1. Taking all protein chains together and a probe of 1.4 Å, list A:Lys40, B:Lys44, B:Lys60, B:Lys124 from the most accessible to the least accessible.
2. Okay, helix-only estimate at 222 nm for the protein assembly as shown: each DSSP H run of n ≥ 4 adds -39500 (n - 2.57), divide by all residues, round to 500 deg cm²/dmol; what do you get?
3. Considering lysine pairs in the protein assembly as shown that are 8 or more places apart or on different chains, how many have Cα atoms under 15 Å apart?
4. So what's the gap between the Cα centers of the stretch B:122-177 and the stretch B:1-60, to the nearest angstrom?
5. Note down the accessible area of B:Leu161, probe 1.4 Å, to the nearest 10 Å².
6. Per the 1.4 Å probe, what fraction of the accessible area of the protein assembly as shown, in percent, lies on carbon and sulfur atoms?
7. With point charges of +1 on the Cβ of Lys and Arg and -1 on the Cβ of Asp and Glu, referenced to the Cα centre of chain A, which listed residue (A:Thr2, A:His226, A:Ala107) lies farthest in the positive direction of the dipole?
8. Can you give the Rg and Dmax of the protein assembly as shown based on its C-alpha atoms, in angstrom?
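The values are calculated or read from the model by the stated rules, or taken from the named source; none is laboratory data. Treat the numbers as computed from the prediction; the structure is a model and nothing was measured. In this analysis, Cβ positions are derived from the backbone assuming ideal geometry, glycine residues included, and neighbour counts consider all displayed protein chains. In case anyone asks, the SASA skips ligands and DNA or RNA and just uses the protein heavy atoms, side chains included. Shrake-Rupley method; radii C 1.70, N 1.55, O 1.52, S 1.80 Å.
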There are 2 protein chains.
Amino acid sequence: MTYELFYWPSIQGRGEFVRLALEEAGAPYVDVAREPGGMKKMMKALEDGGHPAFAPPFLKAGPLTIGQTANILLYLGQHHGLAPQVEEGGLWTHQLQLTIADLVAEAHDTHHPVAGSLYYEDQKPEASRRAADFVANRIPKFLGYFERVLGGRAWLVGGQLTYADLSLFQVVEGLCYAFPRALAGLGDEYPGIAALRERVAARPRIAAYLASPRRLPFSEEGIFRHYPELDP
Amino acid sequence: MTYELFYWPSIQGRGEFVRLALEEAGAPYVDVAREPGGMKKMMKALEDGGHPAFAPPFLKAGPLTIGQTANILLYLGQHHGLAPQVEEGGLWTHQLQLTIADLVAEAHDTHHPVAGSLYYEDQKPEASRRAADFVANRIPKFLGYFERVLGGRAWLVGGQLTYADLSLFQVVEGLCYAFPRALAGLGDEYPGIAALRERVAARPRIAAYLASPRRLPFSEEGIFRHYPELDP
């Protein structure tokens with residue numbers, strides 16, 4: 001089966017968490033909206049009856065259509081060995097993913113604290129206040145939590161890589177892109193997370209993906225944006 | 001087995017989504033932090049090794065500790081018939097729950113657009129802008145989506161109540177508390193959602209719960225807050 005991933009074609013965004021899982025699994029997939037005519041196909045699929053998604057990303061897996069990033073990963077985790085099969089381990093992996101999702105949403109809101117429908121330029125004073133709190137309080141709280149969960153081990157859950165590790169890699173990549181000054185001490189303050197980041201990047205399939213044109217660059221259109229005034 | 005729910009003792013908050021599922025299931029549970037000495041027990045549990053939660057709510061289910069509201073509901077759904085057992089229906093229910101969780105987070109940020117660590121009074125201008133967008137754009141987008149999913153049926157998923165229905169009830173209750181003027185036309189604009197709200201409230205166990213002292217009132221300490229200036 002070839003999966004169909006539906007996501008905005010020009011940004012990493014939330015779709016990237018799904019792409020990383022598909023790539024690590026070696027699962028064949030089409031990134032639909034990046035194909036000719038794909039955007040039209042995606043907008044049509046959003047209007048479908050049945051199980052419509054509120055927003056991209058969503059994944060077509062044979063007869064299933066699955067929306068919400070963490071839910072897609074729940075599915076891929078079970079079908080591709082990217083999470084424990086046992087209930088306890090599966091729930092724990094998903095709990096970590098949902099906590100990462102909270103961090104992602106907060107990272108987005110540093111540049112869009114008022115409304116996603118407005119430009120960043122229309123909410124700069126609010127963004128400045130929100131980003132300052134995010135850097136001072138929220139990044140340390142989240143990264144401190146994941147460092148504690150790692151507890152010196154290689155992976156977040158048991159002895160094997162899960163989709164939560166891929167997602168932690170991605171959110172750290174994004175934070176380092178958006179807030180390079182705030183994250184300059186990552187390796188000293190969070191050595192376990194820094195090592196996990198290297199470890200994920202060195203996975204053969206992930207390394208090949210990151211070096212390929214399939215990996216879109218970070219940019220000021222996505223979730224993680226580098227605005228120097230928000231990272232003073 | 002008696003569940004132990006860990007959540008802040010004086011607000012509905014995110015814990016309420018778990019309480020509603022436990023009540024509908026008729027599952028025995030202790031609301032730990034509302035018992036004598038319970039807050040201390042909760043703060044200690046947050047520091048535990050093993051599978052620590054990033055924040056309340058979390059649920060102890062025998063040997064399992066499960067955090068993140070949607071993840072707790074995923075578990076309860078499977079163990080108490082509050083979601084389909086088959087993969088497709090289980091994922092669809094969870095997808096809807098995660099979309100409700102996004103709406104809940106956005107409702108919270110209307111009064112805390114800058115930082116959860118600051119008082120509302122310290123972010124009123126930002127709150128005013130964010131709430132205006134929430135009321136004008138986000139509430140209609142979310143409620144329009146759920147109305148479309150209902151499609152004239154009684155419940156969101158198949159022919160039976162799921163935890164997603166309980167959660168949609170709760171978020172609509174909260175929105176009507178926080179934004180009574182904006183939601184005044186609920187029954188006209190979203191008749192399916194309004195009917196679902198009545199249908200959930202009339203479930204015998206839910207009706208008994210809502211009339212009991214176990215149901216905390218809405219207040220200006222929780223997620224859904226009524227500030228008249230945000231609902232002009």
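1. A:Lys40, B:Lys44, B:Lys124, B:Lys60
2. On the way: 20 runs with 232 residues, N = 464.
Result for the protein assembly as shown, helices only: -15500 deg cm²/dmol.
3. On the way: A:Lys41/A:Lys60; A:Lys44/A:Lys60; B:Lys41/B:Lys60; B:Lys44/B:Lys60.
For the protein assembly as shown, qualifying lysine pairs total 4.
4. The stretch B:122-177 and the stretch B:1-60 have Cα centres separated by 25 Å.
5. Using a 1.4 Å probe on the heavy atoms, I get roughly 10 Å².
6. Here it works out to 54 percent.
7. Selected residue: A:Thr2.
8. 21.3, 63
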